[in-house]
Amino acid sequence: MADLRVFSYLPNPRLYKATIAARYSGATVEIFGGPMGELQNWLWDYDSRELTDGDRETLAAFARQAKTGFDGALYKTDAFLTAHPFGAVPAGFAEGGGVGFFESNSIMRAAARLGPNGGCLLGDGPMEQTRIDSFLDRALVFARDSQRYMLGGRTAMTPPLYAEMETALASWLGGLENALSSNSCLVGDRITLADISFACEVSSFSNEVNLGAVLDEAGLPPLLPQLADHPAVCRHLARLAREPRFSEDLADYFARLPLG
């Protein structure tokens with residue numbers, strides 16, 4: 001049995017926080033899922049699987065109205081909702097499904113803690129660990145803004161939505177630039193969970209390329225090129241792009257970034 005099992009839409013840079021952390025920690029991770037538009041054809045459970053026509057009838061009691069990012073009904077078992085009370089993905093499980101972890105940064109922490117070598121990612125002592133947590137919390141604020149931008153802009157981009165994202169991106173990158181002006185990594189001089197989360201959130205934001213048509217129609221330039229205005233951030237991303245434990249999942253996303 002793997003240390004950690006994760007059910008998610010694929011590909012998903014936020015899911016890769018856990019797989020990258022596991023390569024450092026030595027934890028074993030199993031991944032289940034499919035493209036985002038196809039998860040309505042899956043049973044959401046520890047033992048997740050693609051649904052058959054017969055399943056839709058026998059499992060009708062598990063059909064739940066989809067929420068943000070999905071359409072129609074989603075088949076979520078009672079056990080899934082016990083482990084994952086918010087009913088979202090990525091959804092992490094341990095102990096044969098008896099324990100659920102939700103939110104990508106928490107699933108990443110589990111991947112670090114469940115491996116024999118994960119201490120190197122977690123920080124030395126309570127102060128450094130809390131410093132790492134501060135970056136993780138701030139990354140989730142950015143992730144929420146990014147999700148609103150990506151989902152809200154799928155059909156039309158409004159000036160207020162664009163302006164909010166531009167402000168959020170500048171604030172997040174500005175803070176990271178400050179942090180990297182005195183350290184080679186976000187917390188000290190070695191890679192921690194803060195760096196993994198950062199790289200995966202930037203990779204997720206690179207999906208802005210899918211908004212090209214709606215941005216053109218609104219007469220607005222893409223925001224991703226603004227990354228180039230933050231040289232320390234770009235240098236750090238270029239370093240992480242050379243790390244095999246990152247590039248195995250993120251190479252295609254790094255290729256989109258203006259790293260110079």
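By the gyration tensor of its Cα atoms, with a ≥ b ≥ c the square roots of the eigenvalues, what is the shape of the stretch 123-254: rounded for a/c under 1.5, prolate for a/b over b/c, or oblate? In terms of gyration-tensor shape, prolate. Largest mean-square fluctuation among LEU220, LEU240, LEU74, in a Gaussian network model of the chain whose springs join Cα atoms under 10 Å apart, belongs to LEU220. Under the membrane-span-like helix rule (DSSP H runs whose alpha carbons stretch at least 27 Å along the helix axis, mean Kyte-Doolittle hydropathy 0.0 or higher), the chain yields 159-180. As a proxy for reagent exposure, ranking THR77, THR158 by other Cβ atoms within 10 Å from fewest up yields THR158, THR77.
Take every Cα pair under 8 Å whose residues are at least 6 apart in sequence, average their separation, divide by the length of the stretch 4-113, and the relative contact order is 35 percent. For the stretch 234-249 and the stretch 163-216, what is the separation of their Cα centres, given in Å? If we compute the Cα centre of each part, the gap is 14 Å. Annotation: amide H-H contacts under 5 Å for LEU10 (H modelled 1.01 Å from N, sequence separation of 5 or more, or interchain): GLY34, MET36.
Computed over the chain with a Gaussian network model linking Cα atoms closer than 10 Å, the most mobile of SER171, SER146, SER204 is SER171.
Could you tell me which of rounded, prolate or oblate describes the stretch 4-113, using a ≥ b ≥ c as the square roots of the eigenvalues of the alpha-carbon gyration tensor, with rounded for a/c under 1.5 and, failing that, prolate when a/b is larger than b/c and oblate otherwise? Prolate shape, in that a/c is at least 1.5 and a/b is the bigger ratio. Annotation: the antiparallel percentage among DSSP beta bridges lying fully within the stretch 4-113 is about 60. Most simply put, the chain has about 60% antiparallel DSSP beta bridges, counting only bridges with both residues inside it.
Inter-label distance, ARG190 to ALA156: 5.3 nm, where each label sits 7 Å from its Cα along the C-beta direction. Among ASP133, ASP216, ASP45, ASP195, the order by Cβ neighbours within 10 angstrom, fewest to most, reads ASP216, ASP133, ASP45, ASP195. By definition, a body whose alpha carbon gyration tensor gives a ≥ b ≥ c is oblate when a/c is 1.5 or more and a/b is not larger than b/c, and the chain fits this oblate description. Distances between placed amide hydrogens fall under 5 Å for THR28 paired with ASP3, LEU4, all partners being 5 or more residues away or on another chain. The mean sequence separation of alpha-carbon pairs under 8 Å and at least six residues apart, normalised by the residue count of the chain, gives a relative contact order of 20 percent. Residues considered: ILE31, ILE20, ILE107. Largest GNM mean-square fluctuation over the chain, using C-alpha springs under 10 Å, is found at ILE31.
The numbers here are math on the coordinates, done by the rules we state, and not lab data. None of the values given here were measured: they were computed from a predicted structure. Cβ atoms come from the backbone with ideal geometry, glycine included; neighbour counts cover every protein chain shown.
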